[in-house]
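Worksheet for the structure shown next.
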Number of protein chains: 2
Amino acid sequence: MSDDASKPSTNSDPRTHGLDAIFNPGSIAVIGASSNKLKIGGRPLHHLISYGYEGNVYPINPQHDVVQGVPAYPSLESLPEVPDLAIVAVPGGAVLKAVRECAEHGVKAVVLFSAGFAEIGEAGRRAQAELAMIAEESGMRIVGPNCIGAARMSTGVTPTFAAAIMLPRERPIRDVPHIALVSQSGAIGGHLVALAPDRGFEFDPWITTGNESDVDTADAIAYFAEQDYVSAIAVYIEGSSNGEALRKALSLARRAGKPIIILKSGVSEVGASAVASHTASLVGSDDVYDALFLQYGATRVHSVRDLLDTSYLLATGKVPAGSRVGLLTGSGGAGILMADAAAATALDVSPLPETVQAQLKKLWPPAGVANPIDMTAQVTNDPDLFASFLEAVITGAEYDTLLIWLSYLGMIEPWAGTITEALRRVRAAHPEANIIVSSMTNADSAQAFREMNIPVFDELSDMIQTAARMVRIGEMLRAPLADELIPAAGLPVIDPSATLTEDQAKLVLTEVGIPTVPDRLVTSASAARQAAEEFGYPVVLKIVSVDLPHKSEVGGVVLSIQDGDAVEAAYGRIMTGVSAAAPEARISGIIVAPMIAGGVETILGIKNDPALGMTVAVGLGGVFVEVLQDVVLRLAPFDIATAMEMIRELRGFELLDGARGTEPADINALANALSALSHFAAANASTIESIDINPFVVLPHGRGAYALDAFISPLSAQPH
Amino acid sequence: MSDDASKPSTNSDPRTHGLDAIFNPGSIAVIGASSNKLKIGGRPLHHLISYGYEGNVYPINPQHDVVQGVPAYPSLESLPEVPDLAIVAVPGGAVLKAVRECAEHGVKAVVLFSAGFAEIGEAGRRAQAELAMIAEESGMRIVGPNCIGAARMSTGVTPTFAAAIMLPRERPIRDVPHIALVSQSGAIGGHLVALAPDRGFEFDPWITTGNESDVDTADAIAYFAEQDYVSAIAVYIEGSSNGEALRKALSLARRAGKPIIILKSGVSEVGASAVASHTASLVGSDDVYDALFLQYGATRVHSVRDLLDTSYLLATGKVPAGSRVGLLTGSGGAGILMADAAAATALDVSPLPETVQAQLKKLWPPAGVANPIDMTAQVTNDPDLFASFLEAVITGAEYDTLLIWLSYLGMIEPWAGTITEALRRVRAAHPEANIIVSSMTNADSAQAFREMNIPVFDELSDMIQTAARMVRIGEMLRAPLADELIPAAGLPVIDPSATLTEDQAKLVLTEVGIPTVPDRLVTSASAARQAAEEFGYPVVLKIVSVDLPHKSEVGGVVLSIQDGDAVEAAYGRIMTGVSAAAPEARISGIIVAPMIAGGVETILGIKNDPALGMTVAVGLGGVFVEVLQDVVLRLAPFDIATAMEMIRELRGFELLDGARGTEPADINALANALSALSHFAAANASTIESIDINPFVVLPHGRGAYALDAFISPLSAQPH
């Protein structure tokens, strides 16, 4: 029925291996098939029949010869062939046995609906682990448990019990681009599948991954990214227990030029703890997901509606070439609201060319003709006015998107008819114009908008925000792709069981390309004085001990020492003070280092996220990081261009760029260090828990940057 | 037909005087009445007939004896009585004449639809000024021009040409609270009027004020605030040219316990410039509107949908007693999304009591029973489960609002039927329970929800955000009302034509209760030394000149002077430097003042907003104000409690409250100064353009706060 559904995917990546058996099977068995099409065992069979799946369907039910009019079989082994896909719709207790039989008979994939696995506690976790084991040993892929299945709507492959697709509705009337959907939650997936047809599109293919005993969100994204017929992927995710796979899947989609729209829940504390109890997995920090999505060009949204709206525009609209928008209305007030909404995004509301303004003024002198363009209420009196304005704006201005607000005119006759008629004329002359409308509609006008390929939104602000998201998607698609970043080789890997002192940590960091302030470890007052003389004054003295990560708290730091006598005195004071405060501490000596004057204090750090892995942070020191949490994250490793991007995203960036009358700081040095740190982090993903470089002082342009202090926390030292 | 529509309003305030003739007229003339009910002159008459207005209706049309079945008259003077209200639906050129005639005959109010007045340029502005003059001289109230009129739906008073109310639809089936609507824009007003019935309520009464030649937004709000039958007021506003009236109207509504929901456009630069060209009036800064709304407990929203949703909940839901919410779903994923959305608001998602948790676990062991409460997909299999969970949660937990997400279950049978049936049972047992549902609906279930008084939202995040807005509205309604603040009497009023030097400005501020650092104006080096000796070191020296507001730029400031010789040297250096840099400047001398050590730098200021008047600001110094624009505003005058509220709203507040290990600052002293400044500002609303007190140093608790510098800019000195 559709384009190239029969084309096999490349299956080059082992993660996506076998998913073709779910979306493109030659035969499907329904284990536990029921005659009642409302029951969980009856719905998948009903869907396969009513959606016209053309492969072989085998209901398995020992009680009946025929189920829903299809010849049934008593068992898997009695089938005339080994099915590619088996839908397991048996009660919870019988699931494991059925799945094991499928694996033994060589079934390629199974879809499991039952709840009662990892989400309910220890016994369920054990049963789920067994499912995972069967999948791993046999190579058979398992979707679920605790999901509502999957579907390839256009070929009738419907291994799902979703009531959503039982809704009476028209199938989409046009061959719109295929928007795939991956949802970890069955209910949210079903909800989106149910709502899309009202907007004139459908998600196809779609999958809900549930407890992810085997097939997970990352597998599904990667598989869809590889399918030529899929043009974009919508995702609902609560968390990933395999961050590396998720990262690869997002990268794959990005390289395939397929936009990803992602709704990630668990943003809040209550939400995150609900995720933890719901999915029983480590889900990582929400901030790190944000960084991941940004890094791989995935568009994050924050509500079900935004996910649906963006998918809708990807299915029925156009990806604009730029951010210039024309705002057209019959209401001054709506024009202002549109301009406000646009200003909150990256949309560019620039005025019409003077010649076009003059042209419009001639058509209707009271019109507002800059941008927003206000046709005034005259648009309800003179249907030709609307078409003439549209024509003039489309031909005379270079807007990438034309956004039109028509209130309820599309709902009430005679206006609905005259408005759609005017649009039809303009559409015929400009089939490629990127037009989006906000209007209430009636059945006729909704149909007319669909036929004209003009997306329609009820609400003005949804139209603007979704149009802005399309602009960002376009920018992402046009952005040059960096080479796939290969972690730098030959970097030192630290011993995860050792504790490094400050001087040792700085030595390692220097070695990997992060400049540190020169220093010397000394063990006598006279050696301290000698080191200070060589560095030049002022200097700083700091205690060095594996047992004292918080040096200041034990009196272990003296700053701004101005001469040799003061150095010797400080040496003695530190030693006496520390012995008194921490008599058990093992002391390696004292570091002498020159004081660095001026510069902007930043903080560099890495943290090993339990789900997503090595995360690198940059922040501005002082109130920015302490009060405002002004920190930007990315996953390691990344290149210098990405590091520069991070620095520019800091809210206090202007403190670094010299905008406030100060000298511009050496942000090249900062970016180099940040990228170097990310490579070191990647090389130590299994050995380091965290690194804090605080402060990392960035001197004026051309004078470099220096770590003044550093602390490396090995993985084994942390309660993990 | 309705409650107490015939009750006259008190009309105590001259601003609302005469508006009864618009919403409660005994007779209405339609000047320019047309037989074609689609024409602007035909629609109001059609509405009056079809909505069953019971007073006398007089179509005026010299060409016809009968218009739309109603006996017509050739002119105003041929009518059997002077109508209370006249609808003027004649072409633009004939408007002024018709309005003048109405005034001469003693008509109490007219409604004018025509565009082509102040919004189109100078000629239009002149015509509009004439309308304003007629209104002022005659006392006749004028609605418009350039509006779509007004209506009191429930008594059929419909002086409007809105097509919106021609839509075929059911009138609301219940006696829901009356939500009034005031919209400056005709189109936005009509849009809201058109959309409300789909949600099972209607705006009643409503008015669009258009160009506001006479009746403006503030008049309408004040009038509605005085009507007993109105329970809340929704407002769309672009700007007010009479800030004082708007402030009084908001205050009146607040004192009457009527929530105001307000959509103010012109937030962005493009938006604001569109407002300016659209309404041709000074509209003031958007930040100041924010402060105004906050100060008077009005709830600001930022989209048409939010205005509609909040009005909907005010009409059909309940104002909750507190912020505790129970989140109930059949989906773990939706529960997380609800928790996330709630966490972004002030809603309190606290867990169910243990006993109720145990009860629910007994009902369905796999359920999630903390909060969010996840009934799992079992809710689709067992309709009794839903009712039992609801019953247990309502009786066992003390949630102020119960929020339920049901996806598309309300749309598809048999679930829609079983779900609404379960709710009906619970509703019968708990008529007062505050229940809100998010579900898609079909016609039957939508009707069922209406009958049960259970508001329904399509989108989960709208439900949560609107519920949170209701909580804030409840808090506002319960908050104790401060006495109407009377500006302090006897405060100095400065001469608007004078320019004050720093020492003069500080003297005035000290007088009104704003502590300033002690200082002395000297005119010789030796006097400077003597002053310094008396204050004690270190001291600061600053040039004093009416011509030099920016002292540092001309070398006019020396800080941290440690002894007498240095004072004399600094005196000489400043005098020499300033003479060289600004030889023309008139020099009063040099100020000597002690250096204040420590403390937190803040900035206090006032600005005279062109539309809303005297605005007082407090900000934190340094990067907070410079980089982050961390400033909080209120309109003057205000009390110390409000000042304290402002201080707590600062993003960097923790720098003042000692949370970061520093001593808590003397925020009482800061609040006192801020409130004192606001009273001084109010007393000088017609003399001062702005005041900058920068820095205003707040010392540790109990040690006070001091203005170190101050600049007062009189109104006449500014290009205004």
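The values are calculated or read from the model by the stated rules, or taken from the named source; none is laboratory data. Just so we're clear, the structure is a prediction, and the values are computed from it rather than from any experiment. For neighbour counting, all protein chains shown are included, and Cβ atoms are generated from backbone atoms with ideal geometry for every residue, glycine included. Ligands, DNA and RNA are excluded from the accessible area calculation, which covers all protein heavy atoms including side chains. Shrake-Rupley method; radii C 1.70, N 1.55, O 1.52, S 1.80 Å.
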Check whether at least one residue in the stretch A:425-435 is without any contact (Cβ under 8 Å) to a residue 24 or more places away in the chain and within 13 Å of chain B (Cβ to nearest Cβ), and report yes or no. no
Tell me which residues, restricted to the stretch B:373-413, are within 19 Å of B:GLU354 (Cα to Cα), assigned to a loop (DSSP other than H, G, I, E, B) and not small (Gly, Ala, Ser). B:MET375, B:GLU398, B:TYR399, B:ASP400
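Being hydroxyl-bearing (Ser, Thr, Tyr) and away from chain A (no Cβ under 14 Å) is the filter; apply it to the stretch B:283-309 and report the residue that is surrounded by the fewest Cβ atoms within 10 Å (Cβ to Cβ). Don't jump to the end; show me each part of the working.
Filtering the stretch B:283-309 for residues hydroxyl-bearing (Ser, Thr, Tyr) gives B:285, B:289, B:296, B:299, B:303.
Still in the running and away from chain A (no Cβ under 14 Å): B:285, B:296, B:299.
On the way: B:SER285: 17, B:TYR296: 21, B:THR299: 21.
The qualifying residue surrounded by the fewest Cβ atoms within 10 Å (Cβ to Cβ) is B:SER285.
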Going by the conditions given, is B:GLY124 in a helix (DSSP H, G or I), buried (at least 18 other Cβ atoms within 10 Å of the Cβ), within 13 Å of chain A (Cβ to nearest Cβ) and not aliphatic (A, V, I, L, M)? yes
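Quick grid of which residues meet (1) in contact with a helix residue (DSSP H, G or I) (Cβ under 8 Å, 6 or more places away or on another chain); (2) open to solvent by 20 Å² or more (accessible area, probe 1.4 Å):
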residue: B:PHE113; (1), (2): no, no
residue: B:GLY144; (1), (2): no, no
residue: B:CYS147; (1), (2): yes, no
residue: B:THR155; (1), (2): no, yes
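Considering A:ALA220, A:ALA234, which residue is touching a strand residue (DSSP E or B) at 6+ places or on another chain (Cβ under 7 Å), under 30 Å from A:MET133 (Cα atoms) and assigned to a helix (DSSP H, G or I)?
So the residue among A:ALA220, A:ALA234 that is touching a strand residue (DSSP E or B) at 6+ places or on another chain (Cβ under 7 Å), under 30 Å from A:MET133 (Cα atoms) and assigned to a helix (DSSP H, G or I) is A:ALA220.
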One residue is enough: does the stretch B:580-590 have a residue meeting the conditions within 30 Å of B:PHE680 (Cβ to Cβ), surrounded by 15 or more Cβ atoms within 10 Å (Cβ to Cβ) and of a type outside the set (A, V, I, L, M, F, W, C)? yes
Report every pair of residues separated by at least 6 positions or lying on different chains whose Cβ atoms are under 7 Å apart, first residue within the stretch A:243-264 and farther than 12 Å from A:LEU292 by Cβ, second open to solvent by 10 Å² or more (accessible area, probe 1.4 Å) and assigned to a strand (DSSP E or B). A:LYS258/A:SER231; A:PRO259/A:THR299; A:ILE261/A:THR299
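Look through the stretch A:311-343, keep the residues that are of a type in the set (S, T, N, Q) and more than 14 Å from chain B (Cβ to nearest Cβ), and return whichever of them is surrounded by the fewest Cβ atoms within 10 Å (Cβ to Cβ). Working first, answer last.
If we filter the stretch A:311-343 for residues that are of a type in the set (S, T, N, Q), which is where we start, we get A:311, A:316, A:323, A:329, A:331.
Filter again for more than 14 Å from chain B (Cβ to nearest Cβ), leaving A:311, A:316.
Values: A:SER311: 27, A:THR316: 22.
My answer is A:THR316.
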Those residues of the stretch A:446-477 that are within 15 Å of A:LEU406 (Cα to Cα), within 14 Å of another protein chain (Cβ to nearest Cβ) and part of a helix (DSSP H, G or I) come to a total of 5
Is it fair to say A:ARG469 is within 25 Å of A:ALA397 (Cα to Cα), surrounded by 19 or more Cβ atoms within 10 Å (Cβ to Cβ) and either among the basic types (Lys, Arg) or assigned by TED's automatic domain parsing to the domain that holds A:GLU244 (or both)? yes
Helices (runs of 4 or more DSSP H) lying entirely in the stretch B:479-593 (those with 2 or more residues that are more than 20 Å from B:PRO695 (Cβ to Cβ) and of a type in the set (S, T, N, Q)): B:525-535, B:564-581
Members of the stretch A:264-277 that are more than 8 Å from every other protein chain (Cβ to nearest Cβ) and modelled with pLDDT of 75 or more: A:LYS264
Out of the residues in the stretch A:36-81 meeting the condition of being touching a Leu at 6+ places or on another chain (Cβ under 8 Å) and not in a loop (DSSP other than H, G, I, E, B), tell me which one is surrounded by the most Cβ atoms within 10 Å (Cβ to Cβ). A:PRO59
Within the stretch B:632-654, can you find the residues that are open to solvent by less than 20 Å² (accessible area, probe 1.4 Å) and either at pLDDT below 90 or within 13 Å of another protein chain (Cβ to nearest Cβ) (or both)? B:LEU650, B:GLY652
Pairs, first without any contact (Cβ under 8 Å) to a residue 24 or more places away in the chain in the stretch B:188-211, second open to solvent by less than 10 Å² (accessible area, probe 1.4 Å) and of a type in the set (Gly, Ala, Ser), C-beta under 7 Å, six or more apart: none
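Within 14 Å of chain A (Cβ to nearest Cβ) and open to solvent by 30 Å² or more (accessible area, probe 1.4 Å), is that true of B:GLU553?
Values: within 14 Å of chain A (Cβ to nearest Cβ): yes; open to solvent by 30 Å² or more (accessible area, probe 1.4 Å): yes.
Yes: the conditions hold for B:GLU553.
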Of the conditions (1) more than 13 Å from chain B (Cβ to nearest Cβ); (2) without any contact (Cβ under 8 Å) to a residue 24 or more places away in the chain, A:PRO414 satisfies every one except a single condition; which number is it? (1)
Top-ranked residue in the stretch A:173-212 [being at the interface with another protein chain (Cβ under 10 Å from one of its Cβ atoms) and more than 28 Å from A:ARG141 (Cα to Cα); ranked as most open to solvent (accessible area, probe 1.4 Å)]: A:ASP198
Mind counting the residues in the stretch A:236-251 that are buried (at least 22 other Cβ atoms within 10 Å of the Cβ) and away from every other protein chain (no Cβ under 12 Å)? 5
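A quick yes/no check of all residues on (1) open to solvent by less than 70 Å² (accessible area, probe 1.4 Å); (2) closer than 19 Å to A:PRO610 by Cα:
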position	(1), (2)
A:ASP630	yes, no
A:LEU656	yes, no
A:THR662	no, no
A:ALA671	yes, no
A:ILE691	yes, yes
A:PRO695	yes, no
A:GLY704	yes, no
A:ALA707	yes, no
Report, by residue number, each residue of the stretch A:377-398 that is surrounded by 23 or more Cβ atoms within 10 Å (Cβ to Cβ) and either at pLDDT 90 or above or on the phi > 0 side of the Ramachandran plot (or both). A:PHE386, A:PHE389, A:LEU390, A:VAL393
For B:THR615: the one exception among (1) crowded, with 22+ Cβ neighbours inside 10 Å; (2) farther than 16 Å from B:ILE693 by Cα: (2)
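Specify which of the listed residues (B:ALA428, B:ALA346) is under 34 Å from the mean Cα position of the chain (by Cα) and surrounded by fewer than 16 Cβ atoms within 10 Å (Cβ to Cβ).
Numbers: B:ALA428 fails: under 34 Å from the mean Cα position of the chain (by Cα).
Just one listed residue meets the conditions, B:ALA346.
So that you can scan it fast, the table gives a plain yes or no per residue for (1) of a type outside the set (Gly, Ala, Ser); (2) modelled with pLDDT of 95 or more; (3) crowded, with 22+ Cβ neighbours inside 10 Å:
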site: B:ASP400; (1), (2), (3): yes, yes, no
site: B:LEU403; (1), (2), (3): yes, yes, yes
site: B:GLY410; (1), (2), (3): no, no, yes
site: B:SER438; (1), (2), (3): no, yes, yes
What single numbered condition from (1) surrounded by fewer than 20 Cβ atoms within 10 Å (Cβ to Cβ); (2) more than 11 Å from chain A (Cβ to nearest Cβ) fails to hold for B:LEU360? (1)
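Kindly evaluate A:VAL379 against the criterion of being closer than 24 Å to A:MET440 by Cβ and more than 14 Å from chain B (Cβ to nearest Cβ).
Values: closer than 24 Å to A:MET440 by Cβ: yes; more than 14 Å from chain B (Cβ to nearest Cβ): no.
Criteria not met by A:VAL379.
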